[in-house]
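Structure first, then comments.
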Amino acid sequence: MILADAAILKEIESGNIKIEPFKRGNLGSNSYDVCISKNLAVYEEVELDAKVHNKVRHFEIPDEGFVMQPGELYLGSTEEYTETHKHLPILDGKSSVGRLGIDIHATAGIGDIGFCGFWTLELSVIKPVRVYAGMPIGQIIYHAAEGEVLNPYNKKCDAKYSQQEHKPVESMMWKNEF
């Protein structure tokens, strides 16, 4: 079951969902629109290795915008800090963003119950596209979870992305054993 706007507001009031800053105008009928922050990052290496810590270079989107190029993976972050303690958050792109040929996540659209932080976006484009800090980039849909959550993300000892800061975070796959 997906939460409608009234249910999202009720869960914000109860503390089960937190969105900062919260803008009432970003609340849709069944989702909340999030915006891209000024912070972007790109990997320094041309070839990435899943078993090593691949370094990134952080930079800011200037006032005049930044032109993303096809063939590059950009890591971005949301302006909004979110906490979800009872519901399953799913982040997806807005249709207006998709119609510009922007993908906002490669595979990581499903959050975890207990996630607290800024969302890292895995941005790629089909054509060169100028983006701006603060532009709407995606929407979070909240699904009701059935049953008790025994292992919320913010309580897991091996949660690699808990309490993400405002800057995008690179892959931590290298921390896994394989």
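Laboratory data are not the source of any read-out in this text; all were calculated from the coordinates shown. Every value quoted in this text rests on a predicted model; they were computed, and no experiment measured them. We place every Cβ from the backbone using ideal geometry, glycine too, and count neighbours over all the protein chains shown.
For the chain, the alpha carbon convex hull comes to 124 Å³ per residue, rounded to a whole number.
Given in Å, the Rg to one decimal and the Dmax to the nearest whole number for the Cα atoms of the range 113-178 are 15.5, 45. Just the projected area, averaged over all directions, of the convex hull on the alpha carbon atoms of the range 18-119: how many nm²? Seen from a random direction, the Cα hull of the range 18-119 projects 8.0 nm² on average. In loop segments of the range 1-108 as defined by DSSP, the GluC sites (Glu not before Pro) with at most 12 further C-beta atoms inside 10 Å of their C-beta are 44, 45, 47, 64, 72. Its relative contact order, with pairs defined as Cα atoms under 8 Å and 6+ residues apart, puts the range 39-158 at 32 percent.
With a cut-off of 12 Å between beta carbons, the residues surrounding residue 136 carry a summed charge of -1, where Lys and Arg count +1 and Asp and Glu -1. The convex hull defined by the C-alpha atoms of the range 28-80 has an orientation-averaged projected area of 5.7 nm².
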